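Q: Quick one: structure below, then a few questions.
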Amino acid sequence: MDRISKAIKKARQANPARPAHNSRVEPAVRGRTLEIKRIPVDPQVLRENRIIIDGVNDAHSHAYKVLRTRVWQQMRTRGWNTLGVTSANSGEGKSLTAINLAIGLSKMGVAQSIILVDLDMRRPSLHKYFGIWQEAGISDYLHGVVDFNEVLVTPEPCEITLLPGNMAISNSSEIISSSRMQRLLKEIAANFSSRIVLFDLPPMLQTDDVMAFAPNVDAMLFIIEEGKSSEDEITKAVELLRDVDVEILGTVLNKSEDVFQGEGYY
Ligand SMILES: Nc1ncnc2c1ncn2[C@@H]1O[C@H](COP(=O)(O)OP(=O)(O)OP(=O)(O)O)[C@@H](O)[C@H]1O
Ligand SMILES: [Mg+2]
């Protein structure tokens, strides 16, 4: 049995059936007031990192608006609230898409908390995009070293709740299918009654992490960098997602020149 098949088997054993979307999740923590620290981030750093925060009306910002509206409509219609963001290979734009999608969703004026979780634990990057560093990262929570609320941060002026990583870890596959991960999902559900949770995931063809985590999300958003991954690689990645029975909400053709020619990208 190859590495990927083993991961699929393990994921199925850990999550024999994905819970019904409207099923009740037992709160992990009751009666606790959640305090989320707010860290001001430098708007210039955000702009340099291609994070869209201002009311600019260029092709980039328009593309992300179309994306967030389509994602939101799909999630609302299907009753979904958790979305993984992945791709076949590294560097295709998963993290930046997840960030701009989260920020776009937070600006829609719907009364939902937008939570963005860095689950690329071998190469966490969301904190770098925001130019922040905190002692308590998501892997510290998953190793049982810190509490849930210690990891949460709102990177002002972005009105999202971020669960950033800090140090890279090598045992991410085990951590991702651990009971502590299930506890994290319960804590998120218990503390944010109306929510959209985006998980920034690693590339699919380099680790088993996405396969191990896939049963925990309602759907995946699949990023393709124009001209980067081969057709075979994309097909393999999509088939792997089908093997674990996860819905694919949509595909983003990223870094496409077509966006500037008004031909759409989604
Ligand atoms: N639409 C885009 N236009 C221009 N640059 C982009 C776009 N999307 C991503 N990039 C740039 O491409 C690089 C990789 O992006 P990103 O970190 O989002 O990729 P990733 O898929 O998360 O990578 P990894 O697999 O290493 O985590 C970054 O420098 C990012 O700024
Ligand atoms: Mg990334």
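The values are calculated or read from the model by the stated rules, or taken from the named source; none is laboratory data. As the structure is a prediction and not an experimental result, all values here were calculated from the model. All Cβ positions, glycine included, derive from the backbone under ideal geometry; neighbour counts span all protein chains shown. Just so you know, the surface numbers come from the protein's heavy atoms only, side chains and all, with ligands and any DNA or RNA stripped out. Shrake-Rupley method; radii C 1.70, N 1.55, O 1.52, S 1.80 Å.
Q: Cα atoms only, region 112-266: Rg and Dmax in Å?
A: That works out to 16.3, 50 Å for Rg and Dmax.
Q: Let me ask something additional. Just to confirm my numbers, what's the Cα centroid distance between region 175-207 and region 45-117 in Å?
A: Cα centres, region 175-207 to region 45-117: 17 Å.
Q: Under the classification rounded if a/c is under 1.5, otherwise prolate if a/b is larger than b/c and oblate if not, where does region 130-192 fall, given a ≥ b ≥ c as square roots of the Cα gyration tensor eigenvalues?
A: Taking the square roots of the gyration eigenvalues as a ≥ b ≥ c, region 130-192 is oblate.
Q: Within region 155-176, find all residues whose amide N lies under 17 Å from a label point positioned 7 Å from the Cα of D54 along Cα-to-beta-carbon.
A: Within reach of a label on D54, which here means backbone N under 17 Å from a point 7 Å along Cα→Cβ, region 155-176 contributes 157-158.
Q: Might you tell me the accessible area per residue for region 62-115, computed with a 1.4 Å probe and given in Å²?
A: 35
Q: Quote the Stokes-Einstein diffusion coefficient, in whole µm² s⁻¹, for region 49-195, based on the Kirkwood radius over alpha carbon pairs, a temperature of 37 °C and a viscosity of 0.692 mPa s.
A: Stokes-Einstein gives a translational diffusion coefficient of 205 µm²/s.
Q: Under 16 Å from the Cα of K107, which aspartates and glutamates turn up, not counting those fewer than eight places away in the same chain?
A: Of all the aspartates and glutamates, those that pass the test against K107 - Cα under 16 Å, at least 8 places apart if same chain - are D54, E156, E159.
Q: Can you tell me the length gained on complete extension of the stretch S179 to T235, counting 0.36 nm per residue apart and subtracting the Cα distance?
A: 17.0 nm
Q: Between R47 and R78, what's the calculated FRET efficiency when r is the beta-carbon distance and R0 is 22 Å? Round to 0.05.
A: The calculated FRET efficiency here is 0.05.
Q: Return the subset of K94/K186; K128/K228; K65/K255; K128/K186 for which the Cα-Cα distance in this structure is over 22 Å, preserving the input order.
A: Where the Cα-Cα span goes over 22 Å, the pairs concerned are K94/K186; K128/K228; K128/K186.
Q: Using only the C-alpha atoms of region 59-145, find the volume of their convex hull and express it per residue in Å³.
A: 137
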